[in-house]
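What follows is a single structure, written as structure tokens, with notes after it.
The values are calculated or read from the model by the stated rules, or taken from the named source; none is laboratory data. Remember, predicted model here, so these are calculated numbers, not experimental data. Cβ coordinates were reconstructed from backbone atoms using ideal geometry, including for glycine residues, and neighbour counts include every protein chain displayed.
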Amino acid sequence: MKDSDPNQHLRLYSFWRSSAAFRVRIALNIKQLSYESVPVNLSAAVLAQKSASYRAINPQGLVPALVDQGRVLAESLAIIEYLEEVQPEPKLLPSDSYARAQVRWMAQLIACDIHPLNNTRVLGYLRNKLNQDETSIDDWYRHWILEGFAALEILANQWSGDGSRLFGNQLTIADICLVPQVYNARRFKTPMHDFPVLNRICSSLETLPAFAAARPELQPDAVS
């Protein structure tokens with residue numbers, strides 16, 4: 001099967017407040033790839049991700065899912081690396097193998113260690129199965145962000161160039177992961193004063209059009 005033609009139609013199954021979908025929207029914008037956004041309402045009142053029609057697209061029942069010429073991909077980092085291969089410019093990974101591994105380390109610290117502990121289904125399990133109150137759930141959420149950001153702050157201090165990107169001066173997949181996670185940290189009133197490097201990098205990234213256009217509140221399915 002031939003690789004994707006990036007000029008062909010892309011369909012992104014997304015939810016406005018999903019940080020994983022936020023990452024993919026940023027990557028699509030950076031790559032200047034047009035796409036159709038298909039909302040999947042994850043709210044407790046709807047749970048569209050559990051429907052048979054969506055499970056036929058992504059058996060995990062998670063967002064995002066990307067459909068490219070009838071071929072389905074899921075998991076945000078897998079989607080982003082796919083986009084990196086089919087649309088190589090602008091590059092989101094360094095050329096050097098060790099540098100690429102460092103960038104993936106920082107991206108996965110967020111996408112594989114912080115985010116899975118705080119996503120909607122985990123919070124729902126804490127709330128509905130373990131009978132935790134909202135204060136305890138919010139404390140859980142902030143705890144895992146603080147744990148992860150403490151390590152990421154050290155890595156950013158080590159690897160950032162001028163303080164506007166996580167790795168050197170190149171925009172990478174690590175930056176794509178950072179902004180949605182900081183967005184969530186602010187939403188849950190996570191104290192960020194111990195992370196000056198991350199704050200500075202995030203503020204710089206948020207001024208870029210590709211990041212700004214991907215913000216949750218600007219998506220077609222956003223609600224106030």
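Annotations
- Checking the stretch 115-125 against the condition returns no match, with no residue being of a type outside the set (Gly, Ala, Ser), exposed (fewer than 11 other Cβ atoms within 10 Å of the Cβ) and within 30 Å of Gln158 (Cα to Cα).
- Candidates Gln49, Gln60 - the one that is part of a loop (DSSP other than H, G, I, E, B), out of contact with any helix residue (DSSP H, G or I) (no Cβ under 6 Å at 6 or more places or on another chain) and not hydrophobic (A, V, I, L, M, F, W, C): Gln60
- Sub-6 Å Cβ pairs linking a first residue in the stretch 108-119 that is assigned by TED's automatic domain parsing to the domain that holds Phe149 and among the charged types (D, E, K, R) to a second residue that is part of a helix (DSSP H, G or I) and surrounded by 16 or more Cβ atoms within 10 Å (Cβ to Cβ), at least 6 apart or interchain, are Asp113/Gly148, ordered by first then second residue.
- Candidate set from the stretch 187-213 (those that are in contact with a helix residue (DSSP H, G or I) (Cβ under 7 Å, 6 or more places away or on another chain) and in a helix (DSSP H, G or I)); member that is farthest from Ala156 (Cα to Cα): Ala210
- The selection criterion, being in the same structural domain as Thr120 (by TED's automatic domain parsing), in a helix (DSSP H, G or I), over 27 Å from Asp96 (Cα atoms) and at pLDDT 95 or above, holds for Asn184.
- Selection status of Gln219, touching a Phe, Trp or Tyr at 6+ places or on another chain (Cβ under 9 Å), closer than 21 Å to Leu92 by Cβ and of a type in the set (S, T, N, Q): no
- Count - residues of the stretch 141-152 that are within 13 Å of Phe195 (Cα to Cα) and either surrounded by fewer than 17 Cβ atoms within 10 Å (Cβ to Cβ) or in contact with a strand residue (DSSP E or B) (Cβ under 9 Å, 6 or more places away or on another chain) (or both): 4
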